[in-house]
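Notes follow the structure.
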């Protein structure tokens with residue numbers, strides 16, 4: 001019996017150690033100090049409640065993906081998460097593979113409901129590499145930093161916030177997707193470079209900011225009517241800065257060499273639109289019908305043509321009985337207007353002041369001559 005127990009314990013220990021060894025095989029730290037490494041991780045916290053016919057729920061799933069090994073060689077303070085990250089002879093480098101989060105919330109009560117979500121992703125694949133660099137931050141994959149300091153590199157970010165509601169049978173919704181395009185950021189022998197999206201290259205430069213093509217599209221709808229306003233910046237190509245200081249490049253297809261304080265942008269385009277269904281068109285037609293029918297009696301009675309002034313309602317007598325209260329009629333009334341108001345009154349005042357000044361000057365000269 002005791003032998004069987006010992007055999008079971010040995011088998012469990014061997015299985016545990018064998019599993020742990022396989023899991024740790026993806027993370028390698030050689031000659032490094034203070035290295036933190038972890039493989040792909042994911043969490044999905046959720047919450048919900050229901051009381052007296054009202055419901056509410058929320059969830060915030062977050063995941064750090066990536067594939068391949070995390071490797072830190074002769075590095076200090078390297079932090080690597082996800083997989084496919086390499087740090088060689090670097091100090092204070094932080095590397096994270098593709099990141100995604102999809103927080104959402106919903107609620108409802110008495111036949112009405114509403115929901116909202118904000119899915120966000122950064123990067124989609126590739127590896128992060130930092131060699132002989134200091135203070136580098138790489139997110140999303142496809143980033144490379146060599147002999148650089150204070151470099152921030154990020155894969156293409158994507159966000160699609162959206163919200164919708166149904167209240168008393170009427171549905172409304174709105175969304176505002178925003179994202180960048182491109183992949184692959186490279187910084188060599190540079191200081192203070194920030195690269196977002198992809199297809200960005202910095203070489204021997206200082207304080208550079210680069211972003212790939214970006215898109216944004218706001219859409220809203222209510223009933224049968226929808227509006228949208230998509231905007232794009234840039235359409236493709238790469239951003240390149242060499243031996244430059246303080247260059248800013250957005251949209252792709254930009255090149256700066258030996259420049260100082262250069263700002264470059266790809267083409268910017270927008271195509272706003274408005275679409276309306278048959279219900280909205282019918283409402284607009286019905287709203288314009290009363291105005292058309294109201295003008296018919298005036299034409300039939302031989303009233304003056306359009307463009308002349310007319311008075312609606314019953315005619316007023318020219319004189320009122322002494323002591324009687326004057327009752328306003330139902331038709332539109334036009335108040336009396338002074339002959340000179342506004343700009344005309346100002347000109348008259350200035351003319352009067354000039355004449356007064358002229359008279360005083362003439363009078364003074366006459367007295368002096370006498």
Whole-Å distance, taken between Cα centres, linking segment 85-108 and segment 182-248: 19
Two-site label geometry, residue 216 and residue 355: point separation in nm, points 7 Å out along Cα→Cβ: 6.0
Paired Rg and Dmax values of segment 21-148, which use every Cα atom, in angstrom: 19.5, 64
Segment 72-222 - Rg over Rh from alpha carbon coordinates, Kirkwood radius: 1.17
Tail beyond 16 Å, pair distance distribution of segment 178-243 (Cα, percent): 54
Intensity falloff of segment 94-183 expressed as log10 I(q)/I(0), Debye formula with alpha-carbon point scatterers, at q = 0.10, 0.13, 0.16, 0.22 Å⁻¹: -0.41, -0.57, -0.70, -0.97
Potential lengthening between residue 175 and residue 163 on full extension [0.36 nm per residue; Cα-Cα distance subtracted]: 3.7 nm
When the convex hull of its Cα atoms is projected in every direction, mean area for segment 207-246 (nm²): 3.9
Modelled FRET efficiency - R0 30 Å, residue 204 with residue 76, Cβ distances, 0.05 increments: 0.75
Calculated log₁₀ intensity ratio I(q)/I(0) where the Debye formula runs over C-alpha points of segment 23-91, q = 0.14, 0.17, 0.27, 0.29 Å⁻¹: -0.52, -0.63, -1.07, -1.15
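Roughly speaking, what is the stretch gain from residue 52 to residue 275, that is 0.36 nm per residue apart minus the C-alpha to C-alpha distance, in nm to one decimal? Show your work: numbers first, answer last.
Numbers: separation 223, 0.36 × 223 = 80.28 nm, distance 3.93 nm.
Between residue 52 and residue 275, full extension yields 76.4 nm more.
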DSSP bridge pairs, segment 86-233: antiparallel proportion in percent, nearest 5: 55
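All of the numbers you see were taken from the coordinates with simple rules; none came from a lab. Remember, it's a predicted structure, so these values are computed and weren't measured experimentally. Cβ atoms come from the backbone with ideal geometry, glycine included; neighbour counts cover every protein chain shown.
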